[in-house]
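Structure first, then comments.
The values are calculated or read from the model by the stated rules, or taken from the named source; none is laboratory data. Remember, it's a predicted structure, so these values are computed and weren't measured experimentally. Virtual Cβ from ideal backbone geometry, glycine too; neighbours counted across all protein chains shown.
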Amino acid sequence: MSNDSRRITLVSRHTQLQHRNWLCTPEAPSRIVLLDSFAVLRHTVTSSVVVMDADVERIILDRSGSASDYLALLAELPCHITGDVVMIRDDETGFLSAMGRGGDRILYALSANDLRFYFETHNLTSAGDALAAPAEKDCRVVPFRPRIAVA
């Protein structure tokens, strides 16, 4: 077994839904660990029995838990886990909990476009991911109309 020094992204996914194409290659910037249950993720992260020596960069709930599950996980999150905690809902919107300047967590609401941007920025999904591809209805461009001031 090789020693992988990449930071870890824990992904809890729903087994009954179409899976996202997570970038799990050895060349990926983050080591993605897929878990098929929110319960397993929660136990792994919050249990005092499980000692995590790993460097967890982020935790993602990919349509695998409810809003109350997400809030309970945030409330029980050990202080040594300072990475992002992302919840993806069925409609591809979600929430991001990130560390703020003072060490407290800040909660952000994310649109589907925000989630796609997050995936692209951190190289988490493959380019051909159908779930992460922009929907036509979300690609509205507001035309720019400059104002000309007459003196």
**Output for segment 117-131, where each listed residue is crowded, with 16+ Cβ neighbours inside 10 Å and either at pLDDT 90 or above or touching a Phe, Trp or Tyr at 6+ places or on another chain (Cβ under 6 Å) (or both)** = 118, 119, 122, 124, 125
**segment 23-51, residues that are over 25 Å from residue 72 (Cα atoms) and without any contact (Cβ under 8 Å) to a residue 24 or more places away in the chain** = 24, 25, 26, 27
**Item:** So residue 69, is it acidic (Asp, Glu), in a loop (DSSP other than H, G, I, E, B) and farther than 17 Å from residue 120 by Cα
**Value:** no
**Request:** Can you confirm whether segment 74-97 contains a residue that is more than 21 Å from residue 123 (Cβ to Cβ), hydrophobic (A, V, I, L, M, F, W, C) and loosely packed, with under 11 Cβ neighbours inside 10 Å?
**Result:** yes
**Request:** Would you be able to tell me the number of residues in segment 30-47 that are within 15 Å of residue 83 (Cα to Cα) and in contact with a Lys or Arg (Cβ under 8 Å, 6 or more places away or on another chain)?
**Result:** 2
**Asked** Can residue 107 be described as over 12 Å from the mean Cα position of the chain (by Cα), assigned to a strand (DSSP E or B), over 20 Å from residue 31 (Cα atoms) and not β-branched (Val, Ile, Thr)?
**Response** yes
**Asked** Out of all the residues in segment 89-106, which are modelled with pLDDT under 95 and not small (Gly, Ala, Ser)?
**Response** 89, 90, 91, 92, 93, 99, 101, 104, 105, 106
**Message:** Scan segment 13-22 and tell me whether some residue there is crowded, with 19+ Cβ neighbours inside 10 Å, in contact (Cβ under 8 Å) with a residue 12 or more places away in the chain and over 14 Å from the mean Cα position of the chain (by Cα).
**Reply:** no
